[in-house]
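What follows is one structure encoded as structure tokens, with my remarks underneath.
All of the numbers you see were taken from the coordinates with simple rules; none came from a lab. Predicted model only: the values in this text are computed from it and were never measured. We place every Cβ from the backbone using ideal geometry, glycine too, and count neighbours over all the protein chains shown.
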Amino acid sequence: MTGVEGRFNEAAMWQALTNIADQIGADYTDAHLLRLTNNAVFALPAAGVVVRITRTHRLHARAHKVAALGAWFEEVDAPTIRLADGIEQPVADGNLLATVWRYVKPHEPSPDACDLGTALHAFHGLGVPPLPLPEWDPIGDARSRITDAEDLDDDDRDYLLAWCDRLEPRLTEFAASVQPGLVHGDAHEGNLLRDATGRVLLCDFDATCTGPWQVDLAPAPANEARFGPYGGHSKLAAAYGYDITQDPAWPILQQARELKMIAAAAPLLASAPGVAAEFQLRLESVRTDDHTVRWTSFGDLPR
């Protein structure tokens, strides 16, 4: 295991993949790693599946939730990827859990913000599934990240927790004013695939919950405000039919997004060169209300 949040390292995840592939009878000779974050995500094109393995025991509840959602998506023909057929899910390998999905070979053109708006509109139209989904709780998630951050300076910790305290009642009031619906929770173009028929499919449902639908429209303009404009928000708003920046709740949704983008890095300050510096840059720009500072994606920093 690594020292970061008790996550299993890449070598351990490859071993878990071979164990799981043997269990389900999947050919893994051409397996390759797609992503190594909260999950290790492997594509097995020859077997026609993608395997998502949790990297920490803390995420077991998510694996069960995602498996249940996948079954429901099939029933309602949701604009999403599908679970692999004939496999009882989630699949266990010791203390690790995995979900197994049908492999979708990417097709051109790559999905863009217009596709995201169309897919989200259909996704939100599905209504709330008859499943025990968690409620949208950005402050609870932020506090958890801050609490887990062993390398966080006391002054920074106090500032972030005070920010949580200020924002929480405003977000609670907003959420109570909106009929709860299905929220993807991590809606961006990177979580879209285009299949052979041209249909665009959403994937990655770890953060899916119930809450205000507006939540899924906030990341695009919030990201552009900090990372720089690229036109995604205007395309998303046009395709969805709603501009979240004109919503009265936009200022608090923007704050919730920025808090998430800072708190998410708090437990990772010692994980890679540049993360601590970027964390401080983000936090200082918020503390000084300086919107001229441009942030850099943690994925683009040296590792």
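Given R₀ = 25 Å, FRET efficiency for residue 277-residue 110 by Cβ-Cβ distance, to 0.05?
E between residue 277 and residue 110, to the nearest 0.05, is 0.20.
Roughly how many debye, to the nearest 20, is the charge dipole of the stretch 111-198 about its Cα centre, given +1 on each Lys and Arg Cβ, -1 on each Asp and Glu Cβ, and no other charges?
Computed about the Cα centre, the dipole is about 600 debye.
Rounded to the nearest 20 debye, what is the charge dipole size of the chain about its Cα centre when +1 sits on each Lys and Arg Cβ and -1 on each Asp and Glu Cβ?
360
Which FRET efficiency value, to the nearest 0.05, is calculated for residue 128 and residue 197 with the Förster distance at 25 angstrom and r the Cβ-Cβ distance?
About 0.35, to the nearest 0.05.
Which one, 230, 86, 184, is farthest towards the positive end of the dipole of the chain when Lys and Arg carry +1 and Asp and Glu -1 on their Cβ?
Most positive-ward Cα: 86.
So what is Rg over Rh here for the stretch 10-102, counting just Cα atoms and using Kirkwood for Rh?
0.94
For the stretch 105-216, report the convex hull volume of the alpha-carbon atoms normalised per residue, in Å³, without decimals.
Spelled out: Cα convex hull of the stretch 105-216, divided by residues, is 142 Å³.
Given contacts defined as C-alpha pairs under 8 Å and at least six residues apart, what's the relative contact order of the chain, whole-number percent?
It rounds to 17 percent for the chain.
So, in Å, what gap is there between the alpha-carbon centers of the stretch 1-71 and the stretch 177-232?
One Cα centre to the other: 23 Å.
Which length gain, in nm to one decimal place, applies between residue 75 and residue 36 when the Cα-Cα distance is subtracted from 0.36 nm times their residue separation?
Result for the pair: 11.1 nm of gain on full extension.
If I build a Gaussian network model for the chain, linking alpha-carbon pairs within less than 10 angstrom, which residue out of 99, 292, 245 has the largest mean-square fluctuation?
292
In nm, what is the difference between 0.36 nm times the number of residues separating residue 177 and residue 23 and their Cα-Cα distance?
Value of the extension gain: 50.7 nm.
Under a point-charge model restricted to the Cβ atoms of Lys and Arg (+1) and Asp and Glu (-1), what is the dipole moment magnitude of the stretch 184-251 relative to its Cα centre, in debye to the nearest 20?
Once rounded to the nearest 20, the dipole reads 180 debye.
Describe numerically, in nm with one decimal, the distance between label points set 7 Å from Cα along Cα→Cβ at residue 60 and at residue 11.
Between residue 60 and residue 11, the simple spin-label model gives 2.6 nm.
I need the Debye-formula profile for the chain: one equal scatterer per C-alpha, no solvent, reported as log10 I(q)/I(0) at q = 0.12, 0.14 1/Å, two decimals.
-0.86, -1.20
For a quick check: sort 252, 53, 87 by the number of other beta carbons within 10 angstrom, fewest at the front.
Fewest-to-most ranking of 252, 53, 87: 252, 87, 53.
Report, in deg cm²/dmol and to the nearest 500, the calculated mean residue ellipticity at 222 nm for the chain, where each DSSP H run with n ≥ 4 adds -39500 (n - 2.57) and the sum is divided by the residue count.
-13000 deg cm²/dmol
If the reach is capped at under 30 angstrom between alpha carbons, list the lysines near residue 235, excluding any in the same chain fewer than eight residues apart.
Result set, ordered by chain and number: 105, 260.
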